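The values are calculated or read from the model by the stated rules, or taken from the named source; none is laboratory data. Note that the structure is a prediction, hence the values are computed from the model and not measured. Using ideal geometry, Cβ is built from the backbone for each residue, glycine included, and neighbour counts are taken over all protein chains shown.
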Amino acid sequence: MQVNGKNFHTIWVHPENNQVIQVIDQRKLPFEFEIVDLKTAVDAFEAIRNMTVRGAPLIGVTGAYGVYLGLLNSDEQNWKSFLLETAEYLKGARPTAVNLAILIDEMVSVLQSCTTLESAVKLALEKADRLKRREIDWSEAIGEYGCDLIEAISKKKNGEPVNILTHCNAGWLACIDWGTATAPIYKAFLKGIPVHVWVDETRPRNQGARLTAWELSQEGVPHTVIPDNAGGHLMQHGLVDLCIVGSDRTTSAGDVANKIGTYLKALAAFDNNIPFYVALPSSTIDFSMKDGILEIPIEQRDGEEVSHMEGKLDNGKVTTVRIVNPGSPVANYGFDVTPAKYVTALITERGVCGASLEAIGKLFPEWRL
Ligand code: MRU
């Protein structure tokens, strides 16, 4: 998608040195646009952990390139055991987004058949490139299916903009290109369907206010940033036609882990009879889990993300200030789980399906448990 009129992905191989992976530093947006070089598996691990890169699909692909970077720094004798160690190490960078473990496991399973380090390095780069391409293609397919849902609502509204509420950033920044929750919005906008997006600010790290608002602005999509608590009020007053959010891990029975606060939006949507869609690629479905509340690991992050906030002063300086009473304890749960019963449907790369074991199993029969 566009950054100042130029096309970008959020991760790519350095055009002059394929031993370097480049990423957009999402910690700096929207105030600064900076590109960071990753040269080792440790660089990839840190980029995931400190949220230079973030969003489930991008975390997964960064993990895949991290495996490649690890092999580059390995030796002929020990590379097979080093590969397994690096894979486990990278998987530990963040716990909730299952894409990380799924893509790293895919890397390991193809690389184990290699007989030399040289062939493994070559294959690792090819495989990581393919996994990146796959995420982009899946996001675009999600966009097409989701666009049909928006178009159907638009027809009923006789040309009035369709109001879509989204939470956090499940946009192209999180997914390399297109996005998951935003892909249907971009597709509808490009098709000339009038849309308007309510962007939840998404405390504590403000991925909505900072990232979703930035990428929608870059594409010229009409949007309004709202405090996290405003969604219910807007829904009660007929100002939301549908919600579309992303996911970091969805169980085989359709329970959805997503950025903290998603569950409350789903409850409000349910109470107001507003469709609540979750857009996700199959690399976000954890087919080994059923009960999201009991089984999905929820990341707890540094309390400073709650007690402090970063912003830009009028003099152009980016600075951090304390916003919580000094001495008061804080808690920082990164994600929550929305039970399947509150999810109208899942929008996947294979089509739209109910959030249930049966419907998901029908769309992905190869994974049926
Ligand atoms: O903590 P983050 O920013 O990595 O959280 C991920 C998210 O942005 C969301 O939860 C998102 O909706 C899923 S990623 C497509």
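Values as computed for the structure displayed
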{"item": "Candidate set from the stretch 252-278 (those that are near the ligand (Cβ under 9 Å from one of its atoms) and of a type in the set (S, T, N, Q)); member that is farthest from Lys290 (Cα to Cα)", "result": "Thr262"}
{"item": "Criterion violated by Val321 - all others in (1) out of contact with any Gly (no Cβ under 6 Å at 6 or more places or on another chain); (2) farther than 27 Å from Ile176 by Cα; (3) outside any strand (DSSP E or B) satisfied", "result": "(3)"}
{"item": "Pairs where the first residue, in the stretch 159-171, is outside the structural domain of Val53 (by TED's automatic domain parsing) and in a loop (DSSP other than H, G, I, E, B) and the second is within 13 Å of the ligand (Cβ to nearest atom) and among the acidic types (Asp, Glu), C-beta under 9 Å, 6+ apart", "result": "His167/Asp200; Cys168/Asp200; Asn169/Glu215; Gly171/Glu215"}
{"item": "Residue that is farthest from the chain's Cα centre (by Cα) [pool: residues in the stretch 238-251 that are within 12 Å of the ligand (Cβ to nearest atom) and of a type outside the set (A, V, I, L, M)]", "result": "Cys243"}
{"item": "Residue in the stretch 53-76 that is farthest from the ligand (Cβ to nearest atom), counting only those that are hydrophobic (A, V, I, L, M, F, W, C) and touching a residue at least 60 places away in the same chain (Cβ under 8 Å)", "result": "Val67"}
{"item": "Hits in the stretch 128-158 - residues which are touching a residue at least 24 places away in the same chain (Cβ under 8 Å), over 30 Å from Leu72 (Cβ atoms) and not acidic (Asp, Glu)", "result": "Ala141, Ile142, Gly143, Tyr145, Gly146, Cys147, Leu149, Ile150, Ile153, Ser154, Lys157"}
{"item": "Which listed residue, of Ile293, Ile298, Ile274, is in contact (Cβ under 8 Å) with a residue 24 or more places away in the chain, assigned to a helix (DSSP H, G or I) and over 17 Å from Pro57 (Cβ atoms)", "result": "Ile293"}
{"item": "Meets criteria (outside any helix (DSSP H, G or I) and modelled with pLDDT of 95 or more) for Val67", "result": "no"}
{"item": "Residue among Ala355, Ala340, Ala359 that is crowded, with 18+ Cβ neighbours inside 10 Å and more than 16 Å from the ligand (Cβ to nearest atom)", "result": "Ala340"}
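Matching residues to (1) touching a residue at least 24 places away in the same chain (Cβ under 8 Å); (2) within 19 Å of the chain's Cα centre (by Cα):
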residue: Val13; (1), (2): yes, no
residue: Gln19; (1), (2): yes, no
residue: Val23; (1), (2): yes, yes
residue: Gln26; (1), (2): yes, yes
residue: Pro30; (1), (2): yes, yes
residue: Asp37; (1), (2): no, no
residue: Val42; (1), (2): no, no
residue: Arg49; (1), (2): yes, yes
